[in-house]
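**Q** My structure is below; once you've seen it, I'll send some questions.
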Amino acid sequence: MSTTDLIDRFAVIEVCTRMGWHADQREWEALKTVFAGEVRLDYTSLNGGEPAVLSPAQIADAWSRVLGGFDATQHLITNHLVTLDGDTAVCTASFQATHRLADPLGAPLWTLGGTYRFDLVRTGDGWRIRGVVMTATWADGNKDLMTKAAG
């Protein structure tokens, strides 16, 4: 493996990690910088429906309304496997996302686990995410917190 490949792999992992970090820290402007100009989001394993194609601003706006409604969130993204192909890359990773919201009528936590598949493209500003497929494989706790946080 070349030094260039190692640098690219590290940069890909970094941008994928930053997606979770910026969301958890409520850094909505910084969150926009991890995405390409158009992003295909597929959260159908959790929500059903169809994947959506959104701009970074639309993603940050939507996530700020939902995730910003929680007292705290923590997205742990790990076990990154990176495949490079010129100016594109795929990164698969495991995740665990914990959402906390005080709820006098139910448990305050909802935790979700599964995998992410990130599709990335190299731009003049570095690697950017152009697609995310989230595959939920397990959940625990109070799923109703998502609706309450968004409300």
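The values are calculated or read from the model by the stated rules, or taken from the named source; none is laboratory data. All values derive from a computational prediction rather than experimental measurement. Positions of Cβ are backbone-derived with ideal geometry, glycine not excepted, and every protein chain shown enters the neighbour counts.
**Q** Based on what the data block shows, is Gly131 more than 12 Å from the chain's Cα centre (by Cα) and either part of a loop (DSSP other than H, G, I, E, B) or on the phi < 0 side of the Ramachandran plot (or both)?
**A** Spelling it out, it is not the case that Gly131 is more than 12 Å from the chain's Cα centre (by Cα) and either part of a loop (DSSP other than H, G, I, E, B) or on the phi < 0 side of the Ramachandran plot (or both).
**Q** Which condition number in (1) more than 27 Å from Gly37 (Cα to Cα); (2) surrounded by 14 or more Cβ atoms within 10 Å (Cβ to Cβ); (3) of a type outside the set (Ser, Thr, Tyr) is the one that Ala102 fails?
**A** (2)
**Q** Among the listed residues Leu31, Leu67, which satisfies the condition of being outside any strand (DSSP E or B) and in contact with a Pro (Cβ under 8 Å, 6 or more places away or on another chain)?
**A** Result: Leu31 is the single residue among Leu31, Leu67 that is outside any strand (DSSP E or B) and in contact with a Pro (Cβ under 8 Å, 6 or more places away or on another chain).
**Q** Of all the residues that make up segment 70-99, how many are over 16 Å from Trp21 (Cα atoms) and either part of a loop (DSSP other than H, G, I, E, B) or among the charged types (D, E, K, R) (or both)?
**A** So the answer is 3.
**Q** Filter segment 1-46 for residues that are surrounded by 14 or more Cβ atoms within 10 Å (Cβ to Cβ), among the hydrophobic types (A, V, I, L, M, F, W, C) and more than 14 Å from Leu120 (Cα to Cα); which is modelled with the lowest pLDDT?
**A** Leu46
**Q** Let me ask you something else. Are any residues in segment 75-86 surrounded by 14 or more Cβ atoms within 10 Å (Cβ to Cβ) and under 14 Å from the mean Cα position of the chain (by Cα), and if so, which ones?
**A** Within segment 75-86, His75, Leu76, Ile77, His80 qualify.
**Q** Can you find, within segment 49-63, the residue that is surrounded by the fewest Cβ atoms within 10 Å (Cβ to Cβ) among those that are assigned to a helix (DSSP H, G or I) and in contact with a Lys or Arg (Cβ under 7 Å, 6 or more places away or on another chain)?
**A** Ala57
**Q** Inspect segment 82-105 for any residue being of a type in the set (A, V, I, L, M), without any contact (Cβ under 8 Å) to a residue 12 or more places away in the chain and closer than 27 Å to Gly151 by Cβ and give the result as yes or no.
**A** The answer is yes, given that some residue of segment 82-105 is of a type in the set (A, V, I, L, M), without any contact (Cβ under 8 Å) to a residue 12 or more places away in the chain and closer than 27 Å to Gly151 by Cβ.
**Q** Then there is this: Kindly evaluate Ala97 against the criterion of being buried (at least 16 other Cβ atoms within 10 Å of the Cβ) and among the small types (Gly, Ala, Ser).
**A** Criteria met by Ala97.
**Q** Looking at segment 126-147, which of the residues that are surrounded by 14 or more Cβ atoms within 10 Å (Cβ to Cβ) and among the polar types (S, T, N, Q) is farthest from Ala57 (Cα to Cα)?
**A** Ranking the qualifying residues of segment 126-147, first place goes to Asn142.
**Q** May I ask you to list the residues in segment 133-151 that are touching a residue at least 60 places away in the same chain (Cβ under 8 Å) and touching a Pro at 6+ places or on another chain (Cβ under 9 Å)?
**A** Val133, Leu145
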